[in-house]
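The values are calculated or read from the model by the stated rules, or taken from the named source; none is laboratory data. Nothing here was measured: the structure is a model prediction, and the numbers come from that model. Reconstructed Cβ throughout: ideal geometry from the backbone, glycine too, with neighbour counts over all protein chains shown. Note: accessible area is taken over every heavy atom of the protein model, side chains too, but ligands, DNA and RNA are not part of it. Shrake-Rupley method; radii C 1.70, N 1.55, O 1.52, S 1.80 Å.
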Amino acid sequence: MSLALITCAGVALDAALGEPRRAHPLVAFGRLASRLEQRFNPAGGGWRSHGVTAWCLAVLPLTLLTWLLTQVTSLTWALDIFALYFALGLRSLYEHALPVAQALRLGNLPLARERVGWMVSRNTAALDATGVARAGTESVLENGSDAVFAALFWFIVAGAPGVVLYRLSNTLDAMWGYRNERFERFGWAAAKIDDVLNYIPARLVALTYALLGNVALALRCWRRQAPMWDSPNAGPVMASGAGSLGVSLGGAAEYHGEMHERPRLGEGPAPRARDIERAMNRVVAGVALWLLCLTLWEVGIA
């Protein structure tokens with residue numbers, strides 16, 4: 001079975017079923033990661049070397065097991081499809097983003113704050129409608145890169161082992177990659193490895209967002225604004241995405257009780273409810289574009 005067809009099948013399975021409601025593999029992996037963190041980072045006392053050891057114990061055996069299964073089974077295509085399905089978060093992103101936009105449209109600000117709080121790590125309790133729309137739009141653009149496009153990239157490059165390696169690494173970054181007293185040293189490896197794995201995908205996503213909207217503005221924002229953002233990968237994605245949509249993102253946001261003044265991204269008015277939906281449409285259209293390019297590439301080399 002061709003790579004393009006397998007990839008389309010994995011995307012279609014995610015679109016049809018969404019995340020498993022029970023026994024999701026990443027839930028079990030999260031429990032494993034928590035136990036490893038308790039063992040190697042007691043009371044936040046772990047060093048970088050402990051973080052590297054814990055990362056290797058969490059990620060490498062499962063990645064190697066996936067690779068071994070692809071070598072011994074005659075149904076590699078089925079393993080590939082299900083590995084991609086479990087790694088993708090396209091429908092989940094849609095199911096989280098749409099209720100935020102709907103609540104804003106109905107003028108139900110408390111519900112909108114609650115729903116967007118499921119998507120972001122910032123404090124949402126005091127956000128006004130504009131703040132909720134900004135948080136939702138930013139989350140769609142960034143999580144579209146992390147949970148959708150990067151998974152597709154590593155699957156296309158390295159099949160089931162590649163997407164397993166990426167998804168587990170990205171999960172550890174979400175759990176350990178904080179710059180606080182507990183994880184500053186221990187989580188360093190998880191954060192840096194995730195940065196490396198996302199470097200190329202993030203720039204492909206930034207280009208994808210640009211091509212699907214205001215190309216000139218998106219490229220200009222990417223070039224000028226991305227270097228000012230803390231994250232080397234979120235900067236290009238969100239700057240290009242904001243420029244593509246023609247809205248202004250960034251600004252003040254409260255994280256874990258501390259106010260952070262973030263650089264401005266994009267140009268134009270503040271986002272509204274419809275911009276959350278427009279950002280989601282960019283992600284969906286981008287996936288379709290990637291699948292089309294993959295299909296054309298396979299046809300061209302066949």
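Within segment 119-140, the set of residues being within 19 Å of Asp14 (Cβ to Cβ) and either buried (at least 24 other Cβ atoms within 10 Å of the Cβ) or among the small types (Gly, Ala, Ser) (or both) comprises Ser139, Val140. On the basis of being within 16 Å of Arg48 (Cα to Cα), of a type in the set (Phe, Trp, Tyr) and surrounded by fewer than 21 Cβ atoms within 10 Å (Cβ to Cβ), does Tyr199 make the cut? No; evaluated as a whole, the condition is false for this residue. Restricting Ser231, Ser240, Ser248 to residues that are polar (S, T, N, Q) and at pLDDT below 95 narrows the list to Ser231. The helices (runs of 4 or more DSSP H) found entirely in segment 207-302 that carry 3 or more residues being over 21 Å from the mean Cα position of the chain (by Cα) are 215-225, 273-301. Against the numbered list (1) under 15 Å from Gly131 (Cα atoms); (2) exposed (fewer than 14 other Cβ atoms within 10 Å of the Cβ), Ala273 comes up short only at (2). Taking into account only those residues within segment 170-196 that are within 18 Å of the chain's Cα centre (by Cα) and free of Cβ contacts under 8 Å to residues at least 24 places away in the same chain, which is nearest to Leu152 (Cα to Cα)? So the residue we want is Val196. When the residues of segment 64-118 are filtered to those that are in contact with a Gly (Cβ under 7 Å, 6 or more places away or on another chain) and charged (D, E, K, R), the one that is surrounded by the fewest Cβ atoms within 10 Å (Cβ to Cβ) is Glu95.
Residues that are among the polar types (S, T, N, Q) and either open to solvent by 40 Å² or more (accessible area, probe 1.4 Å) or more than 25 Å from Pro161 (Cβ to Cβ) (or both) within segment 18-63 comprise Ser34, Gln38, Asn41, Ser49, Thr53, listed in sequence order.
Within segment 114-169, the set of residues being free of Cβ contacts under 8 Å to residues at least 24 places away in the same chain and within 20 Å of Thr208 (Cα to Cα) comprises just one member, Val157.
Being open to solvent by less than 60 Å² (accessible area, probe 1.4 Å) and either more than 28 Å from Thr7 (Cα to Cα) or in contact (Cβ under 8 Å) with a residue 40 or more places away in the chain (or both) is a property that Ala285 has.
Could you go through segment 148-160 and let me know if any residue there is of a type in the set (Phe, Trp, Tyr), closer than 27 Å to Leu292 by Cα and open to solvent by 50 Å² or more (accessible area, probe 1.4 Å). So far as segment 148-160 goes, yes, one or more of its residues are of a type in the set (Phe, Trp, Tyr), closer than 27 Å to Leu292 by Cα and open to solvent by 50 Å² or more (accessible area, probe 1.4 Å). Flag not set for Asn233, criterion: crowded, with 16+ Cβ neighbours inside 10 Å, without any contact (Cβ under 8 Å) to a residue 40 or more places away in the chain and not hydroxyl-bearing (Ser, Thr, Tyr).
Every condition in (1) surrounded by 16 or more Cβ atoms within 10 Å (Cβ to Cβ); (2) closer than 22 Å to Ala226 by Cβ is met by Thr295 except one, and the failing one is (2).
Residues that are touching a strand residue (DSSP E or B) at 6+ places or on another chain (Cβ under 9 Å), modelled with pLDDT under 95 and open to solvent by less than 30 Å² (accessible area, probe 1.4 Å) do occur in segment 253-261. For the condition over 21 Å from Thr130 (Cβ atoms), touching a helix residue (DSSP H, G or I) at 6+ places or on another chain (Cβ under 9 Å) and in contact (Cβ under 8 Å) with a residue 24 or more places away in the chain, Pro227 does not qualify.
Would you confirm, using the coordinates I've provided, whether Ala15 is within 30 Å of Gly300 (Cα to Cα) and surrounded by fewer than 16 Cβ atoms within 10 Å (Cβ to Cβ)? Yes.
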